[in-house]
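Here the structure is laid out as structure tokens; the discussion comes afterwards.
The values are calculated or read from the model by the stated rules, or taken from the named source; none is laboratory data. Since we're looking at a predicted model, the values are computed, not measured. A quick note on method: Cβ atoms are made from the backbone with ideal geometry, for glycine too, and the neighbour counts reach across all protein chains shown.
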Amino acid sequence: MTSEELAGAVTAAAKPAGLAVVASEAGPGGATTKFTLALAGNAAKVELLELSDGFEPGRPDLMEGMKAYLAELAQRLRNPRPDCYVTLHGLPLSFGRFGWPFHESTSGADTSLVHGEVRLEDGSGSALHAKVAVSMTVTFRDVVPAPEQPFAEGFIYNAVRKTMDQGQLELVKSGNRQPVPLTTRYYSAKQKKFVFNDTSEEQRKDFLACKAYWLSGVLGSCRPVWMLDPRDAQYLDAAVADLEKAVDALIAGGLLEAAGGGFAAATPKLMELARTLESIKPAFNEEMRAGLTNM
């Protein structure tokens, strides 16, 4: 497929989702094409889509997956920070600098890799980040329709979030790439779906309240965020209907304000509650770090 044909296929798939291709360029080495997609009516909201020149848009299964990805992307682009997510343990992270698609390992291992970066987004301009190398085994590759961004980005981001919650990634000011192994333990062959966390109704409410606090309140000046993201549903091993139920409970409790279409904003009550909890959280004694003790 020529780059012109690929561009035509992406443009045709983007339009029904409410997106427009505003630019395209060859990726590193000329083996990929990077498309800049903008939200229709808001050219300031953009996202990069990188596809290999070997991508086959003529395959119906791949185009259906592409359309689903673009429809979700259009919703996320309405968020104040479309690149940001929270972990189950409450860390706000941004994802960026991912080089798609997967490439084969050069170390001799029989794995495919994708490199990227996650950053701490606590509103303070923190320099803490983690460069990651996500590795996919041969067995895992068999359950992925294509090792391309639209089909892998969701479970890659969820695997990174899960690994961060497990304390196996370190946020640093500088450092080498840290491994994120992606194995079949994240996939249920019986249920034919990805599985990352087993959560209760209460945990899902806490997660969504935390999401609203960070993405709407702290990073978005209390603008609405998409609360029914299927990517979060996968991460929490829940249905979108479960998220909707949790959102309704938070709205009833005055912690969220509904904005329609699955969007909601943090309320002053939520922000005040979060500040109260922050005030009672134990903090590290910096004087002890410096050795200033009275022992």
Q. Looking at Thr183, is it surrounded by fewer than 17 Cβ atoms within 10 Å (Cβ to Cβ), over 30 Å from Gly220 (Cβ atoms), in contact (Cβ under 8 Å) with a residue 12 or more places away in the chain and in contact with a strand residue (DSSP E or B) (Cβ under 6 Å, 6 or more places away or on another chain)?
A. yes
Q: All but one of (1) surrounded by fewer than 14 Cβ atoms within 10 Å (Cβ to Cβ); (2) assigned to a loop (DSSP other than H, G, I, E, B) hold for Arg81, so report the exception by its number.
A: (1)
Q.
Given the criteria in a strand (DSSP E or B) and farther than 15 Å from Pro147 by Cβ, does Leu48 qualify?
A. yes
Q.
Checking Lys34 against (1) in contact (Cβ under 8 Å) with a residue 24 or more places away in the chain; (2) touching a strand residue (DSSP E or B) at 6+ places or on another chain (Cβ under 6 Å); (3) not assigned by TED's automatic domain parsing to the domain that holds Phe155, only one condition comes out false. Which one?
A. (1)
(Q) What's the number of the only condition in (1) assigned by TED's automatic domain parsing to the domain that holds Ala152; (2) outside any helix (DSSP H, G or I) that Arg185 fails to meet? (A) (2)
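Within the stretch 146-164, does at least one residue satisfy the condition of being part of a strand (DSSP E or B) and either without any contact (Cβ under 8 Å) to a residue 40 or more places away in the chain or surrounded by 18 or more Cβ atoms within 10 Å (Cβ to Cβ) (or both)?
Kept after step one, since they are part of a strand (DSSP E or B), are these residues of the stretch 146-164: none.
No, the stretch 146-164 has no match at all.
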